[in-house]
Each structure stands twice: as C-alpha cells, then as structure tokens.
1. Please specify each residue of segment 233-251 satisfying the condition of being over 15 Å from SER147 (Cβ atoms) and open to solvent by 20 Å² or more (accessible area, probe 1.4 Å).
2. If THR107 satisfies every condition in (1) more than 19 Å from the chain's Cα centre (by Cα); (2) at pLDDT below 95; (3) farther than 21 Å from GLY198 by Cβ; (4) open to solvent by less than 30 Å² (accessible area, probe 1.4 Å) but one, which is the exception?
3. Does segment 155-177 contain any residue that is assigned to a loop (DSSP other than H, G, I, E, B), among the charged types (D, E, K, R), touching a strand residue (DSSP E or B) at 6+ places or on another chain (Cβ under 9 Å) and at pLDDT 95 or above?
4. Kindly indicate the residue of segment 110-145 that is in contact with a His (Cβ under 9 Å, 6 or more places away or on another chain) and of a type outside the set (Lys, Arg) and also most open to solvent (accessible area, probe 1.4 Å) among those meeting that condition.
5. Condition test on ALA224, is it over 24 Å from HIS155 (Cβ atoms) and small (Gly, Ala, Ser)?
6. Among the strands (runs of 3 or more DSSP E) contained in segment 210-296, which hold 1 or more residues that are under 15 Å from PHE172 (Cβ atoms) and touching a Pro at 6+ places or on another chain (Cβ under 9 Å)?
7. What number of residues in segment 172-214 are out of contact with any Ser or Thr (no Cβ under 7 Å at 6 or more places or on another chain) and either of a type in the set (Lys, Arg) or at positive phi (or both)?
8. Name the residue, out of ILE230, ILE280, ILE294, that is surrounded by 14 or more Cβ atoms within 10 Å (Cβ to Cβ), closer than 30 Å to GLU137 by Cβ and touching a residue at least 40 places away in the same chain (Cβ under 8 Å).
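The values are calculated or read from the model by the stated rules, or taken from the named source; none is laboratory data. Not measured: the values here are computed from a predicted model. Glycine also receives a Cβ, built like all others from the backbone with ideal geometry; neighbour counts cover every protein chain displayed. The accessibility values were calculated without ligands, DNA or RNA, using every heavy atom of the protein model including side chains. Shrake-Rupley method; radii C 1.70, N 1.55, O 1.52, S 1.80 Å.
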Amino acid sequence: MSVATNLTNNSTQLVRTNWPGMNSTTSSSSSPTSTNNTNTSVSITTPIVSSSSSTTTTITDQNNNTNSMATSPRPSINNNNNNNNNNNNRTFIHPTQTMALERTIQTYPLTNYTFGTKDALYERDSSVQARFQRMREEFTTMGMRRSVEAVLLVHEHNLPHVLLLQLGTTFFKLPGGELNPGEDSIEGLKRLLNETLGRPDSTQQNNWLVEDVIGNWWRPNFEAPRYPYIPAHITKPKEHIRLYLVQLGESSMFAVPRNYKLVAAPLFELYDNASGYGPIISSLPQALSRFNFIYN
C-alpha cells in the first residue's frame, strides 16, 4: 500500500489506488514513512483461566503457555478447649484466590490490508447544533442515546497505530455511530463497521471480531463535553459511548467513503493530545496500555 506522511501530526494517510471494480489502495511492501511515523493492526488473544481447589491459580493462554501463581493458604481455626471462648468471638476471613490475567494483542503490518473507496457517507445532521437538537427531541421519546465506536489497530515498524476517519483537515473520529433502539451493541457495532468500511460489492462482509470493552464515556448534557464517568450531579445522562477493541485479521479489504480519509495515527501522536484529536481518542494510549502488543 502506498502511504503519504502527514508532517503536521505524524499520522499516516492511506493513499488509494485501484482494485478490480473499485478505486482502492493496495498495501506495498515498502513505506516512505520514517520509523517514527508508523502503522499497526490488531489481533487479540483471550487468555483462558482455569483454577483448581488447591491454593494455586493456573492461567493458560491460547498458546498453551501456563503460568501458576501461589495464593495465601486459608488460616486454620484452633478449636481446642483452651481457645474455644476466644474463637467464638472471632470472625475468620478466608482470602479469595487472585487471578493474574495478561492480555496480548496480535498485530499485523499495515501493508497486509487493502483500502478502497466507495460512495460518500454523510452525517444525519447538517451541523453540531442540529445534532444536539435531534438528540434532545429523541431523548424525550427514546431516552439516552447509545453509541458504539471501534478501535482498530495495525502496526508498522513495530509501533501500534489506530485507524481513524478524518473529515476535513482537523476532525478525526473512530468508526462507529449510534445504535438503533433496542439494538444489541455488538451487532450494532458490526453493522456500523460494515456501513462505514465494508466493501459495497462484497456479498459477504468482513467478519468483525469484537474483543473487549476498553472504555465508557458519558455525555451529561446536550452539549459537546463527554467524560469517562457520570458526574455526581447527573441522574439522566444524554448519551453513553462505549469503546470496543475490534480484532483485525491477518489481512482484509476495506472501502472508505469518498468524503473521508483513513489515517493511521501512532499512539505516541495521540497521547495527551486532546487539542488535536479530542478527549476520547487522546485517551486511547492509556486504555490500551494494559495490553501486550505482539508484532507479526
């Protein structure tokens, strides 16, 4: 795939070429980007936890690697005659077994993926004011809005990157959107991903593997600010935004709406950069720091 480096913000814009029947971008084996401007893709291994009645917690991952962790033995109760009276007034607390979970993400190079174009995808609202007005009207009939967004990871030069949609020159967003009333969040996220990045000429859409919830954000009022918690004085938040980590396969084809650009932004560019990417996207480095990245 051909890539062009954005010298302003270190993100990498995906440049589209052709595939049969569509305008697309095919990954090439080399990239003009420097080592610091790189892209990454994500696969995730879910650890399988098993435990026995003993005081050892055994954790086995999908690669059959096993780690054991000893836990504190349960205290025994001395019921001899000398201590009966004292023991009757004591409460013995048995420590529960603790588990050490370690999550890994299998990531693949950006060059493994092919990106094309499709018809433009427009927002339902013509302006920010119109969006909040519609949210206010729907809140009276449907209650709190539920939204879902996907975090898609790729890598280049062993640095993780997040795939972002760029509208204009300064607005960035994660793929996703609003759920329909009563719609399951996982199925809704898959629907939105297919609408946004799915190929229009494909009878079988991408098999999106939703792995983990990595964040919950709340909009307390019909205004722009969102927070990773519900403020204490808010009893009826107006929107709940849930972030999901979505595992990408080793290779895939995507189609990007013509009015958007797809960019791969490195985590170091997002970190502490709310002025450039907003509070949610700039928080992703912290949210993803609990995972171990494996670069394939």
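1. If the condition is that a residue be over 15 Å from SER147 (Cβ atoms) and open to solvent by 20 Å² or more (accessible area, probe 1.4 Å), then HIS233, ILE234, THR235, LYS236, GLN247, GLY249, GLU250, SER251 are the ones that fit.
2. Checking THR107 against (1) more than 19 Å from the chain's Cα centre (by Cα); (2) at pLDDT below 95; (3) farther than 21 Å from GLY198 by Cβ; (4) open to solvent by less than 30 Å² (accessible area, probe 1.4 Å), the one that fails is (1).
3. First, pick out the residues of segment 155-177 that are assigned to a loop (DSSP other than H, G, I, E, B): 157-158, 168-170, 174-175.
Next, only the ones that are among the charged types (D, E, K, R) stay: none.
No, segment 155-177 contains no residue that is assigned to a loop (DSSP other than H, G, I, E, B), among the charged types (D, E, K, R), touching a strand residue (DSSP E or B) at 6+ places or on another chain (Cβ under 9 Å) and at pLDDT 95 or above.
4. To start, the set of residues in segment 110-145 that are in contact with a His (Cβ under 9 Å, 6 or more places away or on another chain) comprises 110, 144-145.
Of the ones still in play, those that are also of a type outside the set (Lys, Arg) are 110, 144.
On the way: LEU110: 3, MET144: 70 Å².
The qualifying residue most open to solvent (accessible area, probe 1.4 Å) is MET144.
5. Details: over 24 Å from HIS155 (Cβ atoms): yes; small (Gly, Ala, Ser): yes.
So ALA224 passes the test.
6. On the way: elements: 239-247, 253-257, 261-266, 291-295.
Fully inside segment 210-296 and qualifying: 261-266.
7. Of the residues in that region, 5 qualify.
8. Details: ILE230 fails: touching a residue at least 40 places away in the same chain (Cβ under 8 Å); ILE294 fails: closer than 30 Å to GLU137 by Cβ.
Every option except ILE280 fails the conditions.
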